[in-house]
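All of the numbers you see were taken from the coordinates with simple rules; none came from a lab. In this text, all values refer to a predicted model and were calculated from it rather than measured experimentally. Every residue, glycine among them, receives a Cβ derived from its backbone with ideal geometry; neighbour counts consider all protein chains shown.
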Amino acid sequence: MTTMITQLLNSKNKTVSTLLLIFFIGQAFAQNKNLVSLASGVKILKAPASYAEFTERSSYVLYSPSSLIDESDKIWCSKGTTFPMEFVFELTELCKINKLFFNNVCENYDGIHTKELKVEYSSKSANEDYKLFGNYTLSKNKINEYPVDAEARWIKLTILSNYGNKEYVELSEFKVFCHPAQELSSTIRIDGTWHTNWQDIIFHQTGNTFTGDYEYDGVVGKVTNGVITRNELFFHWKEGNRQGTAKLYLNAEGNRLSGDWINSNNSGDFGVWEMQRKRAIGIDYKSRENANIVSASPIIPEKVVRDEAIEFDGQKIEIGENIVFNNVIFVQSKAILLESSYSELDKLVEILLKNENLKVELSGHTDNQGNVNLNIKLSEERVETVKKYFVAKGIASKRISGKGYGPSKPINDNKNELERKLNRRVEFKLF
């Protein structure tokens, strides 16, 4: 690399050499990012008993397993010295790994430092096909670094001994420097409802930008200025007087977002923000010849999938799966569609016109406010309005069925206006 950069600097074609220089330096920097960190969305699948246990709400806890990968001055400490002590970490995706990093600068207790350990990796699963990076003897009170070269998604760290202390083992920080092994072929999809480690959040995505709504401790929260870069989400959040930023990463299966948030008003207020969604939308990767890659789209059992995938509004959908229209909106308390609803309805019309063997079942739902019978009647009328729209667009009425359920099938508890808004919806499923 050094020789190549020198040649570029001496090149007569300064424009080309400058561009190539930027490219190669960028590649070098890309290989020097620690992706085994809480801030990068890594998941701790297994950890030994620790002096302070990991807690979901407060993940940056001194001596807990999370403190081993939080990129701070907090230290992991064992609870006892029963060896071996095993950690398993799951990266968000398959990565090209080039360096292992151990900070073995610990508290000044005799013999407490980690001494011998081994590191293994797997590109298959968290439970099998591990290969050895190496067995290492760490120098105490020093940074220990080791070059490696492999593709992996799961990392197993096994501590085998310390420097003689009979009660505790400590290790300040473990890092794995790497970069993603695969290119994405399309923008990730994150719109919809996510279950977080304190409340649900709803993202609204347009291209590579997004906004969101949530509630925390009775206060309405807003997500603004959201930008998607590859599988990384960066956004601003605000809830009452508290506000800040967050950076989260989507895993390859498309069902987990994780990263960290920071309170802009209080530099000491930060933590992990983790989200799950029931319906996974896997990341689409560009194919690579002879690549040994874990599938990004897991098979979902007990659902019939067509040979030819059906895509609705940028998302692959399955036969028999209930899909919520995100932008089908009616005049308040009436069964009159707003014009802004037409675009989303037309996308389903297009699917039905192209697939004449498919039928659609509609279902209408309301919140729990007001008279139950009137709500059922309103939901039935709204289903009928959508059906008439489809018929007017050329879909035979015999291919469309539907029912209004009123407030009987809520998707949450109707505790506040945000939850009630989500319960007021029209769904469809193909069969």
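Straight-distance candidates among the lysines for linking to Lys421, with alpha-carbon spacing under 26 Å and chain neighbours fewer than 8 residues away dropped: Lys222, Lys238, Lys278, Lys316, Lys334, Lys347, Lys377, Lys387, Lys388, Lys403, Lys409, Lys429.
Here the simple spin-label model places points 7 Å from the Cα toward Cβ, and for Lys46 and Asp269 these points are separated by 3.9 nm. With one equal scatterer per alpha carbon and no solvent term, the Debye-computed log10 I(q)/I(0) for the range 101-254 at 0.18, 0.21 1/Å reads -1.00, -1.15. Seen from Leu132, the other residues with C-beta closer than 10 Å to its C-beta sum to a net charge of +2, counting Lys and Arg as +1 and Asp and Glu as -1. Computed from phi, the 3J(HN,Hα) profile of the range 108-124 under the Karplus parametrisation 6.51, -1.76, 1.60 (θ = phi - 60°) reads 7, 10, 4, x, 7, 5, 5, 10, 9, 7, 9, 10, 10, 9, 9, 10, 8 Hz, with x in place of Gly and Pro.
Bridging of Lys74 to lysines at a Cα separation below 23 Å is possible for Lys33, Lys43, Lys46, Lys99, Lys115, Lys118, Lys140, Lys142, Lys156, Lys166, Lys175, Lys247, once same-chain residues fewer than 8 apart are set aside. Computed about the Cα centre, the dipole magnitude for the range 33-180 is approximately 160 debye when only Lys and Arg (+1) and Asp and Glu (-1) carry charge, each at its Cβ.
Of all aspartates and glutamates in the structure, those lying under 16 Å Cα to Cα from Lys398, and not within fewer than 8 positions of it along the same chain, are Glu356, Glu361, Glu384. The label point for Arg399 and the one for Lys238, both projected 7 Å from the Cα toward the Cβ, are 4.6 nm apart. Using 0.36 nm per residue and subtracting the Cα-Cα separation, the extra length available between Lys222 and Glu145 on full extension is 23.5 nm. Net charge in the neighbourhood of Tyr214 (other residues with Cβ under 15 Å of its Cβ; Lys, Arg +1, Asp, Glu -1) is -3. Under the combined filter of DSSP loop state and at most 13 neighbouring Cβ atoms within 10 Å, the range 326-362 retains these trypsin sites (Lys or Arg not before Pro): Lys334.
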